[in-house]
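> After the structure tokens below, expect a handful of questions from me.
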Amino acid sequence: MNFAFLSFIFLLMISCSQVSKTLDEASEKLSFFDSEQKSKTSDSKDENREKSSSEKSVEKIEEKKEPKPYVDRKFTKVTNTKAVSNYCKKINDKFLHWGWGLSRCDSFKWHHVRDSYLGDPLIWATFGDEKKSKEKPMNVTMILCGVHGDEITPIKFCFDILHHLYKLEPNTNDKKNFDDNLIVVAPIANPDSFFRSRPTRTNYRGVDINRNFPTKDWNEKALKLWKSWYRSDKRRFPGNKPLSEQETYFQVNLIKRYKPDRIISVHAPLTILDYDGPSVTHSDHRHHEVALSAKHLLVQMSKKAQDYRIKNYPFFPGSLGNYAGNERNIPTYTLELPTSDNRNHKKYWNMFKSSIDYAMFSSNKDNKIVSFKEKIPSSSTEDKKVEQSN
Ligand SMILES: [Zn+2]
């Protein structure tokens, strides 16, 4: 190897290392520039984001002025306890049996504290802000169905109400809202009777739940009346003592828990709308105002259902009308559908939808309904003659 060749190689190596150094520096510079560029770009993106969100908020304000488009809320499953989700399957089967389609039971978040005698969960669902209702009085409507298990169509009626509320929830407006209104729905108060192959009026233990409420006249009159007036008719047995049944406890506790401003209990087949509660002729002026508004609602509910017949039916020892309406001054409406015929479910819902809607959302300031809780803080009793039976 000669010297000239070696020096050529040496020079080549030096120049190569310089080139690589320059390249490294260049790439460093490039990467710095790159990151700077990136951060600049992201800054400008943030700006854009901020800008677009502020633009959006302006748009939102503008949107609010426009009427909200109708949201067709699809039924989606929610998580319930295993006991409740199994119960929902049972309800679905029964719905298919009666030709009522899907119950959508598993789209609702159910409350469940106690079980029926045979172990089915006694469930209820609420619409509106329950937490808020504990802090400040809200307009509470409680709807009970299936107290008499052989009156099956009322049970579908309660599910129709639930479906209606579900669809309404994303579309609420000033008049129909869940800010001031709480709705409590217990669709199957007496499951042991409803799920029998041949449903019965009384519960599994043979007690008429609507005669088992712990009313003040129960001990003195309930069994006596059952023997004399009903000639010991098994379908109307009030129990051996008041509040002896889980299904009665269930309703009593719902009333205690939610302190409803009104109760609607759906039965069949008497084709009447009955009212129990403070009467217009009541001497106390606080009762008078509540009574006027309760009567107004009674008339409106009838009017909105093709002038459905209002009949002042008497209440009985141990009945809900006596316990809630008479003794606690909670306006209590018993809606007796024309029949228990499972095939008429759509007809009945269409007939009473407006009445139920009016009852649930009627406490707004622009109409005459007043909250009895504000007017009558404590309970009182007045005597009412017991005459005949439903
Ligand atoms: Zn009934």
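No lab work stands behind these numbers, since they all come straight from the coordinates. From a predicted model like this one, the values you see are computed outputs, not experimental measurements. Neighbour counts are summed over all protein chains in view; Cβ atoms, including those assigned to glycine, are modelled from backbone coordinates with ideal geometry.
> Using a cut-off of under 18 Å, list every residue of segment 98-113 whose amide N is near the label point 7 Å from the Cα of ASN253 along the Cα-to-beta-carbon line.
110-113
> What is the sum of charges around MET351, taking Lys and Arg as +1, Asp and Glu as -1, for the other residues whose C-beta is under 15 Å from the C-beta of MET351?
Values: positive: LYS156, LYS303, LYS304, ARG309, ARG343, LYS346, LYS347, LYS353; negative: ASP160, ASP307, GLU336, ASP341, ASP357.
Residues close to MET351 contribute a combined charge of +3.
> Also, quick follow-up: Fully extended, how many nm does the chain gain between LYS346 and LYS167 (0.36 nm per residue separation, minus their Cα-Cα distance)?
Details: separation 179, 0.36 × 179 = 64.44 nm, distance 1.67 nm.
Full extension of this stretch gives 62.8 nm more.
> Is the C-alpha gyration tensor of segment 169-252 telling us rounded, prolate or oblate? Criteria: a/c under 1.5 is rounded; beyond that, a/b larger than b/c is prolate, otherwise oblate.
Cα axes put segment 169-252 in the prolate bin.
> With charges only on Cβ, +1 for K and R and -1 for D and E, what is the dipole size of segment 196-344 about its Cα centre, in debye, rounded to 20?
My answer is approximately 500 debye.
> Okay, next question. Report the label-to-label distance for LYS82 and HIS288 in nanometres (one decimal), using points 7 Å from each Cα along the Cα→Cβ vector.
6.0 nm
> Could you check the spin-label model distance between TRP98 and ASN240? Points 7 Å from the Cα along Cα→Cβ, value in nm.
3.2 nm
> Set the Förster distance to 25 Å, then compute FRET efficiency between LYS90 and LYS131 from the Cβ-Cβ distance, nearest 0.05.
The formula returns an efficiency of 0.25 here.
> Quick check: net charge around ASN80, other residues with Cβ under 10 Å of its Cβ, Lys/Arg +1 and Asp/Glu -1? Can you show the working numbers first?
Values: positive: LYS77, LYS82, LYS109; negative: ASP106.
Local net charge: +2.
> Cα-Cα over 21 Å: which of LYS109/LYS167; LYS77/LYS109; LYS175/LYS304; LYS68/LYS346; LYS132/LYS353?
Values: LYS109/LYS167 15 Å; LYS77/LYS109 9 Å; LYS175/LYS304 17 Å; LYS68/LYS346 28 Å; LYS132/LYS353 27 Å.
Those over the limit are LYS68/LYS346; LYS132/LYS353.
> Considering the convex hull of the alpha carbon atoms of segment 86-375, report its projected area averaged over all viewing directions, in nm², one decimal. Don't skip to the answer; put the middle values down first.
On the way: hull surface 57.9 nm².
Reported value for the Cα convex hull: 14.5 nm².
> Taking 7 Å along the Cα-to-C-beta vector as the label spot, tell me the ARG309-ARG196 distance in nanometres, rounded to one decimal.
2.8 nm
> Now a separate question. Enter the mean projected area of the convex hull around the alpha-carbon atoms of segment 207-352, in nm², rounded to one decimal.
Across all orientations, segment 207-352 yields a mean hull projection of 9.6 nm².
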